[in-house]
Amino acid sequence: MSNSTLCYLGLGGNLGHPLALFDEVVQHFAAHTLAAGTRESPRYRSAPVDATGPDYVNSVLEIQWLGNAESLLQACLALENQLGRVRTTRNAPRPIDVDVLLVGNETRHTEQLTVPHPRMHLRRFVLEPLLLLNPEVEIPGLGLASEYLHATQDQDVSPI
């Protein structure tokens, strides 16, 4: 689609009913005026990384986004807030997390937004669903995402 940017969002949550919240996120972006198309990966269960609490549910959402990176971030933050996300400590358990992973081939590092997501290539719960959506996806500055999957095989991730 012209004037749209292929973007990827990482969805995660481990409190309450994350599957129901994922459904709401998908519906929200499917109806969003700046989204020209969405596809969600299969959902996975993953053990917390650098955190405590119950296992997480994770997936990746592919979006054809008509706005810029900042408008995508604002849409994600507003949706998290609407769905009950309260930010406490880093990596704290949460009902929903909507992370901007990739915005086309952009790289940027501001106080509000870093793309590509700085730890996405280290997380199997991101790489596995991302590669199912797009086996050839590249992480700007790092290369093919598929080249990083092998190094994450020790992480406990399984399809739901």
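The values are calculated or read from the model by the stated rules, or taken from the named source; none is laboratory data. Computed from a prediction, not measured in an experiment: that's the story for all the values here. Every residue, glycine among them, receives a Cβ derived from its backbone with ideal geometry; neighbour counts consider all protein chains shown. With ligands, DNA and RNA removed, areas are computed over all heavy atoms of the protein, side chains included. Shrake-Rupley method; radii C 1.70, N 1.55, O 1.52, S 1.80 Å.
Counting only residues that are in contact with a Phe, Trp or Tyr (Cβ under 9 Å, 6 or more places away or on another chain), open to solvent by less than 60 Å² (accessible area, probe 1.4 Å) and not charged (D, E, K, R), give me the strands (runs of 3 or more DSSP E) lying completely in segment 6-112 with at least 3 of them.
35-40, 56-65, 97-103
Condition first: over 25 Å from Asp156 (Cβ atoms) and out of contact with any strand residue (DSSP E or B) (no Cβ under 7 Å at 6 or more places or on another chain). Now tell me which residues in segment 22-51 satisfy that.
Hits for segment 22-51 are Glu24, Gln27, His28, Ala31, His32, Thr33.
When you check Leu149 against the structure, is it out of contact with any strand residue (DSSP E or B) (no Cβ under 7 Å at 6 or more places or on another chain), in a helix (DSSP H, G or I) and free of Cβ contacts under 8 Å to residues at least 24 places away in the same chain, yes or no?
no
Quick check on segment 117-160: of everything there that is open to solvent by less than 20 Å² (accessible area, probe 1.4 Å) and in contact with a Pro (Cβ under 7 Å, 6 or more places away or on another chain), which residue is farthest from Ser71 (Cα to Cα)?
Pro129
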